[in-house]
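Engineer: Handing you a structure now.
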Amino acid sequence: MIDDRDRLAATPAHDVALSCIEAGIEAATPKAVLREALSVEGGVLTVAGSEYDLGAYDSVVVLGGGKAADVVTRELERHLEDYLDRGLVVSTKPVATDTVETVAGSHPIPDTDSLEGARRVFQRAKGLGEGTLVLAPITGGGSALLALPAGEITLVDLQATTEELVESGASIREINAVRKHCSAIKGGGLARAAAPATVVGLLFSDVVGDDPGVIASGPTAPDATTYDDALEILDRYDVAVPAVVREHLEAGAAGERAETPAGDSDVLGHVDNHVLADAWTALAAARDAAAKAGYEPLVLSSRIRGEATEAALSGLAIAEECAATGTPVEPPAVLLSGGETTVTVMGNGDGGPNLEFALRVAVEQPETVVCASVDTDGADGGTEVAGAIVDGEMLSNPQRGRAALLENDALPALEESGAVIETGPTGTNVNDLRVFVIEA
């Protein structure tokens, strides 16, 4: 899974860190997840304990999007075989499928392919009858890949808004609150278009808390946020957006546009959403890998968030406490965490949250500690690398690392040190996975 793994596994501690990363990602792949969560027997589809009689439907359709939506779809084809009739999903680098069409879009900033793919998915959802069962793979990245602007908003407007939000330091929950109110397909829009068909959301969560309304901006889920919330977020982070975007949101806040369906609405009564994989899916497998290697594992949290560099210092402080006092766990030990950190972009470099997390740890030159931090989809931020693995001796010039962090230029600094982890697209997306290995 990891390119150049033998070189990166320079010591037993490095090897354990990489094994935890690999185990976590593998456990969250659609193949592994659907093997446990989905089955078809006697013409009955079972998804996470809920049953759907396939014989009661005239057709079974797949509609969705996200970085892992294509791989989920390929697994659906394997499980459902002749029951599937047709479908369309949008992903970044679509894998080959037999019955369902897969098309490419762009992430993290939507492009014309994202727009066209979303438009086609939305059109296929409209006009479906009660006799249709819609299986909707929705995974992280779907917010950019399913880009269908609402009202007078154009793709260019949406691109500018997305770029400003991503660089503002806002959380993904806040970013998606704005996205949902600028889109015709997000915030329950896809499921609403598919009514009265039965819609079954198959969700892979890349957000803290696993709220279906936040995952990929909730195309099949109710929305707890409002137009007023979206405007408040823009003001809080001083996000400059095109005038047409602000006018659209202000019109919604004034009641001139329909609000997204809330949780108490019966608009989405035909929808079931199942979160099939999340950060704990990866963390549990990584924990098992650490224990198997003879280390005492401890999961700190699946909900780490905030600035990547600040989270890095907090994680390192706990690892150093373990090394010094055996608290909260006695070495040899492995500390694990998941969630989603953010980066407030002040410079003009190349990097992502996991790269900045790893570089911040490396700058401190910790003794007897190895740290690996990756995005489980294989692409951290806008880069083509998953993250990095670092130790106390990786940086020969810590000042160079500090300067790189100021410029948000972690990738070149880590590449020069041979620390980057490359996996290519992993076929899943349950957000960040971080490992601290503390030797005895």
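The values are calculated or read from the model by the stated rules, or taken from the named source; none is laboratory data. Remember, it's a predicted structure, so these values are computed and weren't measured experimentally. All Cβ positions, glycine included, derive from the backbone under ideal geometry; neighbour counts span all protein chains shown. Side chains included, ligands, DNA and RNA excluded: accessible areas come from the protein's heavy atoms. Shrake-Rupley method; radii C 1.70, N 1.55, O 1.52, S 1.80 Å.
Engineer: Do you know which residues across region 323-336 are under 14 Å from Cys371 (Cβ atoms) and either at pLDDT below 95 or open to solvent by 10 Å² or more (accessible area, probe 1.4 Å) (or both)? Before you say what the answer is, go through the steps one by one.
Structural biologist: At the first step, the residues of region 323-336 found to be under 14 Å from Cys371 (Cβ atoms) are 323, 333-336.
The one that is under 14 Å from Cys371 (Cβ atoms) and either at pLDDT below 95 or open to solvent by 10 Å² or more (accessible area, probe 1.4 Å) (or both): Ala323.
Engineer: Looking only at residues in region 331-366 that are part of a helix (DSSP H, G or I) and among the hydrophobic types (A, V, I, L, M, F, W, C), which one is nearest to Gly141 (Cα to Cα)?
Structural biologist: Within region 331-366, the subset part of a helix (DSSP H, G or I) is 353-363.
Subsequent filtering for residues that are among the hydrophobic types (A, V, I, L, M, F, W, C) retains 355, 357-359, 361-363.
Working: Leu355: 19, Phe357: 21, Ala358: 23, Leu359: 25, Val361: 27, Ala362: 29, Val363: 31 Å.
Ranking the qualifying residues of region 331-366, first place goes to Leu355.
Engineer: Does region 18-36 contain at least one residue that is open to solvent by 10 Å² or more (accessible area, probe 1.4 Å) and over 21 Å from Thr139 (Cβ atoms)?
Structural biologist: yes
Engineer: Out of (1) in a strand (DSSP E or B); (2) touching a Gly at 6+ places or on another chain (Cβ under 8 Å), the odd one out for Val60 is which?
Structural biologist: It fails just one condition, (2).
Engineer: Return yes or no: is Ala104 open to solvent by less than 10 Å² (accessible area, probe 1.4 Å) and not β-branched (Val, Ile, Thr)?
Structural biologist: Criteria not met by Ala104.
Engineer: Ser50 versus (1) polar (S, T, N, Q); (2) in contact (Cβ under 8 Å) with a residue 60 or more places away in the chain; (3) open to solvent by less than 10 Å² (accessible area, probe 1.4 Å): which is the lone unmet condition?
Structural biologist: Among (1) polar (S, T, N, Q); (2) in contact (Cβ under 8 Å) with a residue 60 or more places away in the chain; (3) open to solvent by less than 10 Å² (accessible area, probe 1.4 Å), Ser50 violates only (3).
Engineer: May I pose another question? Is it the case that region 82-98 has a residue that's within 20 Å of Val166 (Cβ to Cβ) and at pLDDT 95 or above?
Structural biologist: Yes, because at least one residue in region 82-98 is within 20 Å of Val166 (Cβ to Cβ) and at pLDDT 95 or above.
Engineer: Out of (1) over 28 Å from Ile215 (Cα atoms); (2) open to solvent by less than 50 Å² (accessible area, probe 1.4 Å), what's the single condition that is false for Thr341?
Structural biologist: Here Thr341 meets the rest and fails (1).
Engineer: Considering every residue within region 145-166, establish whether at least one is buried (at least 17 other Cβ atoms within 10 Å of the Cβ), under 17 Å from the mean Cα position of the chain (by Cα), part of a helix (DSSP H, G or I) and not β-branched (Val, Ile, Thr).
Structural biologist: Within region 145-166, one or more residues are buried (at least 17 other Cβ atoms within 10 Å of the Cβ), under 17 Å from the mean Cα position of the chain (by Cα), part of a helix (DSSP H, G or I) and not β-branched (Val, Ile, Thr).
Rundown of residues vs (1) closer than 19 Å to Thr29 by Cβ; (2) in contact with a Phe, Trp or Tyr (Cβ under 7 Å, 6 or more places away or on another chain); (3) among the aliphatic types (A, V, I, L, M), yes/no style:
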position: Arg78; (1), (2), (3): yes, no, no
position: Val103; (1), (2), (3): no, no, yes
position: Thr132; (1), (2), (3): no, yes, no
position: Pro137; (1), (2), (3): yes, no, no
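Engineer: Sort out which residues of region 55-83 are open to solvent by 10 Å² or more (accessible area, probe 1.4 Å) and either closer than 20 Å to Glu130 by Cβ or among the aliphatic types (A, V, I, L, M) (or both), and write them in order of number.
Structural biologist: Gly55, Ala56, Tyr57, Asp58, Ser59, Val71, Tyr83
Engineer: Further, regarding this structure: Cβ-Cβ below 6 Å, separation at least six or inter-chain, first residue in region 244-257 and farther than 18 Å from Ala177 by Cβ, second of a type in the set (Asp, Glu): which pairs?
Structural biologist: From region 244-257, the pairs are Val244/Glu152; Val244/Asp157.
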